[in-house]
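The values are calculated or read from the model by the stated rules, or taken from the named source; none is laboratory data. Treat the numbers as computed from the prediction; the structure is a model and nothing was measured. Heads up, the Cβs are rebuilt from the backbone with ideal geometry, glycines too, and the neighbour counts pull from every protein chain shown. Quick note on the areas: whole protein, heavy atoms, side chains included, nothing else; ligands and nucleic acids left out. Shrake-Rupley method; radii C 1.70, N 1.55, O 1.52, S 1.80 Å.
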Amino acid sequence: MSLNENFFKYPEEIKPEFIETEDIVFRDGSRISAADIWHFMTEEAPVRYPYAYTNNRYYGRRLSGDVRLPSSIKHNYLMLTMNDRTSRARENGSPIIFVQGGQSVDPYYAAGGIALRPASTGAWARGKEEGLNLREEEMRSLDVREKARKAISFEICQTAGYEHIQEGNLPVDMVAPYLCLRCSDVGYGVEAHRHGKRKIGLFLVDFPLDHQKEKEWAAGYLARNLHRLTREIGKMSGKEVTENDLKEEIKLHNKGRKLALDTADVWWSASAPPTNGADRRAIFQMGGMELHGDPNASLTVLKEANKDIKERVKHSTKGEGVTDNARRLFVGGSCVFPNDFRTEEAGGIIVGNDNHWSDISTIVEETGDPYEKLARAILSYPYEQPIEGRAEWTIDQLKKSRSDGFLFLYNWGCNTQSAIARMLCDIIHEETGIPTLIIEHEMRGEQTEQLQNRVNAFIEMLN
Amino acid sequence: MTLETLEKINNAVKERPQELADARRKGRKVVGWFNYNIPEEIIHALGLIPVRLGTGGNDRLVEIGARYISTKNCVFTRELVGLFAENQDPYIKNSDIVAADATCLQTYRAAEVIKHYFKINIVILGVPRNFSLPEGQEYFEKELEFFTKKLEAVAGKKLDTNKLAGSIKLYNDIRKSIKELYKYQAISKSTIKWREVFDVVHAGFYLDREKYLSLLHELLGELREQHGEPVIGNLNGDARILVSGSIIPPGDTKLINIIEQVGGRIVSDELWSGLNPSMNIEIREASIKGIADGYINRVPHAALPYLDLETDGRLKNLKRIINDHKAQGVIFHTLRFCDPFTFKASETKDVLKKEGIPLLEIHTEYAGSDLEAIRTRAEAFVEMIKNKEIQEVEQ
Ligand code: SF4
Ligand code: SF4
């Protein structure tokens with residue numbers, strides 16, 4: 001592997017093998033060959049986005065060093081082309097809708113929109129300015145985020161994309177997340193736009209709480225919310241949305257969800273982790289089909305990843321950077337994540353996370369009224385159940401992933417995840433004996449080092 | 001001039017825990033509730049005794065509560081959990097069942113925590129975020145039906161329409177009387193202060209509701225005798241302050257004391273532990289639907305997002321109370337980690353600025369470390385209002 005000290009470079013010797021791999025097929029039917037992806041990732045992107053190639057262990061978003069995993073390169077290609085693709089799609093008439101992470105995006109696409117969660121809008125915004133090194137990129141994003149804090153509230157846990165929409169230059173057409181999905185701040189964040197500088201479409205998909213999956217009327221209510229959502233997006237995309245559109249979209253997204261579940265089973269069953277943590281996370285998350293702003297593209301990469309992982313497991317190939325007998329961690333909570341690379345250096349590996357998994361692991365029934373079926377699925381997301389229900393599901397995931405420890409992370413100012421942290425961890429520990437640790441993180445970055453130190457100490461304790 | 005009824009109310013509150021214990025011995029059941037949207041009418045109509053739970057201002061309880069919930073929850077929520085953990089509060093000790101609604105999600109989560117750690121029987125009422133849409137209102141009605149069924153099981157009887165009609169009338173009268181009391185405290189040279197009215201409202205969290213209404217009538221009778229009909233006219237050189245924002249529950253006197261000490265006169269509040277629950281609620285029929293519609297269409301709590309600034313009922317209500325009580329400035333109280341109100345502080349300030357009403361945000365919690373800083377800011381604010389008034393009078 002040819003990594004020099006400060007700048008990541010894909011080694012030329014893998015090129016012949018890589019360019020033989022599959023194309024990425026996009027939603028509009030267009031495709032890109034592996035050879036063109038190679039060209040972009042080795043020639044174009046390093047010039048346009050130098051920060052992305054920073055090979056610094058402290059940089060949690062650095063490119064995975066597992067260069068022999070084609071899906072990893074393709075995932076990064078999709079992330080680095082987020083601006084090119086999203087800006088083009090919008091110019092071609094697809095409305096861009098801002099959503100919450102960890103939710104299904106089937107209805108947004110069924111109505112002809114593109115759903116982007118906070119991290120995806122972040123990737124889109126990063127792509128708008130070219131030539132920045134990591135320091136410059138970080139300053140840019142801190143600056144815009146600070147403006148959002150001032151505009152919303154200094155006590156906000158995270159600004160959830162507000163900065164890009166109100167203070168930045170992203171032409172988002174509508175802010176329309178599912179609410180209460182994991183937190184109350186998302187709702188207040190949507191509301192904050194009503195006095196923002198820029199007038200923008202606002203919409204609430206209400207996600208009613210409290211034993212919601214057992215209540216007929218909760219499903220009916222959410223289904224009506226979803227109907228309104230597709231109608232509103234349809235008005236922008238110029239599409240009369242039919243039930244069949246949603247049905248077809250659900251089928252497509254179920255493919256992603258099922259494939260991610262299958263991939264996870266294989267990954268978890270392996271004697272040694274077949275990828276590093278960063279690649280695992282991206283691959284599992286592709287099943288939600290919202291990672292790249294193009295569900296079809298995510299699906300083609302996920303299919304390829306599934307095959308590659310099965311191959312690796314068959315040959316007991318270990319992921320790049322993973323130590324022998326790495327301690328397996330499962331991460332709970334929301335909106336903050338440890339640095340995978342440094343966790344691996346410390347002798348651990350993150351094998352799963354509940355956020356961005358609870359929705360993916362919920363398959364939507366494909367027969368019957370699609371709105372109602374989707375509503376029922378959404379209301380049964382384990383992450384949003386009463387704490388005892390969430391704990392039960394988490395325990396199941398811990399067992400399946402053969403985790404040695406459970407880390408629960410939340411941001412400073414996160415009122416909802418923080419409120420449940422203690423109880424969730426207590427139940428998990430009582431029922432499984434698995435050690436748990438709660439870490440609170442200061443979003444502004446000063447505490448990142450402290451967070452990682454605590455993760456590393458936890459790994460040591462597990463040893 | 002003193003008001004004898006205030007003394008009576010004070011004594012009644014002192015006797016209430018014992019009364020509740022006696023009532024329970026005779027087989028009556030007590031429903032303690034918290035959060036912001038529990039319709040007491042239903043509890044009352046079922047023959048159950050409602051008490052509103054939650055206190056403030058006690059850092060020790062906050063610390064105890066934080067062991068079970070987190071330090072990133074507002075102090076009111078933490079103290080609530082602390083109260084259950086300690087189990088000394090007479091109203092908590094006397095609650096047979098606890099009810100909570102899902103308006104503020106922090107208290108909703110607190111309900112789960114309380115249920116788990118302290119084995120308390122809790123019944124939850126779901127609250128829609130899309131409360132102004134027909135589907136949201138239908139959802140709330142269904143939730144209220146479900147909630148009522150659970151309470152019927154506790155009461156061992158079905159909800160009776162006639163009884164419900166009686167309870168609705170009782171609560172309408174209570175709300176009307178409270179609004180009337182607020183008028184009296186806002187007149188010049190009033191014999192009752194806002195702070196006393198605020199305490200009277202809190203007495204209503206605990207007292208037998210029929211008895212409470214008769215005490216309210218008695219108090220209003222006294223006031224009528226002393227002042228005639230309340231006319232809020234002459235501003236009288238006071239710095240007339242309205243307090244809005246996060247809940248100020250019984251026991252939390254920190255900010256109120258400071259405002260009074262620096263010479264501000266509180267003439268009203270827009271608080272969910274004060275006037276707000278009495279505002280803008282109209283129950284048109286004695287049925288679950290009638291109650292659901294009445295509650296969901298009243299002033300929305302800040303925890304329920306609303307997307308159109310111009311038609312926001314919360315802001316309309318705030319402006320109306322300012323106007324009705326001739327307030328000259330707003331002190332907007334935000335508890336740390338109370339996002340429902342903290343997120344809205346600067347927006348509310350901008351909105352009121354257009355009306356010529358200054359707003360001072362005081363962001364605090366129960367600990368005393370920021371007392372002096374708050375005092376300085378409140379003092380400057382009160383001075384500014386007084387100076388403004390002098391200038392206006394001179395002009
Ligand atoms: S950090 Fe917590 S409160 Fe903030 S957006 Fe995430 S889940 Fe919500
Ligand atoms: S509204 Fe604010 S003060 Fe009231 S319980 Fe919720 S967070 Fe606490």
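Of note:
- For the criterion of being within 16 Å of ligand 1 (Cβ to nearest atom), more than 23 Å from the chain's Cα centre (by Cα) and either under 18 Å from B:Trp272 (Cα atoms) or modelled with pLDDT under 95 (or both), B:Thr2 fails.
- Where helices (runs of 4 or more DSSP H) fall wholly inside the range B:282-395, the ranges with 2 or more residues that are touching a residue at least 24 places away in the same chain (Cβ under 8 Å) and away from ligand 2 (no atom under 16 Å from the Cβ) are B:288-296, B:313-324, B:345-353, B:371-394.
- Selected residue (only one of B:Val98, B:Val81, B:Val31 is more than 16 Å from ligand 2 (Cβ to nearest atom) and open to solvent by less than 30 Å² (accessible area, probe 1.4 Å)): B:Val31
- The residues of the range A:326-358 include none that are away from ligand 1 (no atom under 13 Å from the Cβ), within 22 Å of A:Gly413 (Cβ to Cβ) and charged (D, E, K, R).
- Evaluated against (1) part of a helix (DSSP H, G or I); (2) open to solvent by 10 Å² or more (accessible area, probe 1.4 Å); (3) away from every other protein chain (no Cβ under 14 Å), A:Tyr109 falls short on exactly one condition, (2).
- Among the residues making up the range A:399-431, those that are under 20 Å from the mean Cα position of the chain (by Cα) and more than 21 Å from A:Gln452 (Cα to Cα) are A:Ser401, A:Thr416.
Yes/no matrix, rows are residues, columns are (1) away from ligand 2 (no atom under 16 Å from the Cβ); (2) among the charged types (D, E, K, R); (3) under 30 Å from A:Thr300 (Cα atoms); (4) within 14 Å of chain B (Cβ to nearest Cβ):
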residue	(1), (2), (3), (4)
A:Gly168	yes, no, no, no
A:Arg231	yes, yes, yes, yes
A:Lys239	yes, yes, yes, no
A:Asp245	yes, yes, yes, no
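- For A:Trp412, the conditions (1) among the aromatic types (Phe, Trp, Tyr); (2) more than 16 Å from ligand 1 (Cβ to nearest atom); (3) open to solvent by 10 Å² or more (accessible area, probe 1.4 Å) all hold with the exception of (2).
- Within the range A:415-446, the set of residues being open to solvent by 40 Å² or more (accessible area, probe 1.4 Å), over 27 Å from B:Val62 (Cα atoms) and at pLDDT 95 or above comprises A:Glu431, A:Thr432, A:Gly433.
- Flag for B:Leu48 being surrounded by 20 or more Cβ atoms within 10 Å (Cβ to Cβ) and at the interface with chain A (Cβ under 9 Å from one of its Cβ atoms): no
- Test set (1) within 14 Å of chain B (Cβ to nearest Cβ); (2) of a type in the set (Gly, Ala, Ser); (3) surrounded by 22 or more Cβ atoms within 10 Å (Cβ to Cβ) - A:Ser403 fails condition number: (1)
- Hey, A:Trp268 facing chain B (nearest Cβ under 8 Å) and either surrounded by fewer than 24 Cβ atoms within 10 Å (Cβ to Cβ) or modelled with pLDDT under 95 (or both) or not: no
Residues are listed down the side, and each one gets a yes or a no for (1) open to solvent by 40 Å² or more (accessible area, probe 1.4 Å); (2) modelled with pLDDT of 95 or more; (3) within 16 Å of ligand 1 (Cβ to nearest atom); (4) not small (Gly, Ala, Ser):
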site: B:Gly329; (1), (2), (3), (4): no, yes, no, no
site: B:His333; (1), (2), (3), (4): no, yes, no, yes
site: B:Lys349; (1), (2), (3), (4): yes, yes, no, yes
site: B:Glu372; (1), (2), (3), (4): yes, yes, no, yes
site: B:Ala380; (1), (2), (3), (4): yes, yes, no, no
site: B:Glu383; (1), (2), (3), (4): yes, yes, no, yes
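Table: residues versus (1) farther than 30 Å from A:Asp324 by Cβ; (2) within 14 Å of chain B (Cβ to nearest Cβ).
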residue	(1), (2)
A:Tyr371	yes, yes
A:Glu384	yes, yes
A:Ile395	no, no
A:Ile428	no, yes
A:Glu440	yes, yes
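- Residue within the range A:297-311 that is without any contact (Cβ under 8 Å) to a residue 12 or more places away in the chain and within 29 Å of A:Asn254 (Cβ to Cβ) present: yes
- Listed by first and then second residue, the pairs linking a residue in the range A:130-154 that is closer than 18 Å to A:Val47 by Cα to a residue that is at pLDDT below 80 and open to solvent by less than 50 Å² (accessible area, probe 1.4 Å), with Cβ atoms under 9 Å apart and 6 or more places separating them unless they lie on different chains, are A:Glu138/A:Gly445.
- Residue in the range A:88-104 that is under 25 Å from A:Tyr53 (Cα atoms) and in contact (Cβ under 8 Å) with a residue 24 or more places away in the chain present: no
- Candidate set: the range B:251-281, residues that are touching a residue at least 24 places away in the same chain (Cβ under 8 Å) and of a type in the set (S, T, N, Q); chosen: the one farthest from ligand 1 (Cβ to nearest atom): B:Gln261
- Taken together, the residues in the range B:110-121 that are crowded, with 19+ Cβ neighbours inside 10 Å and more than 8 Å from chain A (Cβ to nearest Cβ) amount to 3.
- Only listed residue being within 14 Å of another protein chain (Cβ to nearest Cβ) and out of contact with any Asp or Glu (no Cβ under 7 Å at 6 or more places or on another chain), chosen from B:Glu365, B:Glu355, B:Glu379, B:Glu372: B:Glu365
- Residue among A:Glu232, A:Glu249 that is open to solvent by less than 50 Å² (accessible area, probe 1.4 Å) and not in a loop (DSSP other than H, G, I, E, B): A:Glu249
Rundown of residues vs (1) open to solvent by 10 Å² or more (accessible area, probe 1.4 Å); (2) part of a loop (DSSP other than H, G, I, E, B); (3) within 11 Å of chain A (Cβ to nearest Cβ), yes/no style:
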residue	(1), (2), (3)
B:Val123	no, no, yes
B:Ser132	yes, yes, yes
B:Ser188	yes, yes, no
B:Thr191	yes, yes, no
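- The residues listed here are A:Leu246, A:Leu252, A:Leu261; of these, the one that is of a type outside the set (Val, Ile, Thr) and touching a Phe, Trp or Tyr at 6+ places or on another chain (Cβ under 7 Å) is A:Leu246.
- Selection of the range A:375-394 for residues being open to solvent by less than 10 Å² (accessible area, probe 1.4 Å), over 20 Å from the mean Cα position of the chain (by Cα) and away from ligand 1 (no atom under 16 Å from the Cβ) yields A:Ala375, A:Ala391.
- For the range A:193-213, the tally of residues that are more than 10 Å from chain B (Cβ to nearest Cβ) and more than 15 Å from B:Leu309 (Cα to Cα) stands at 1.
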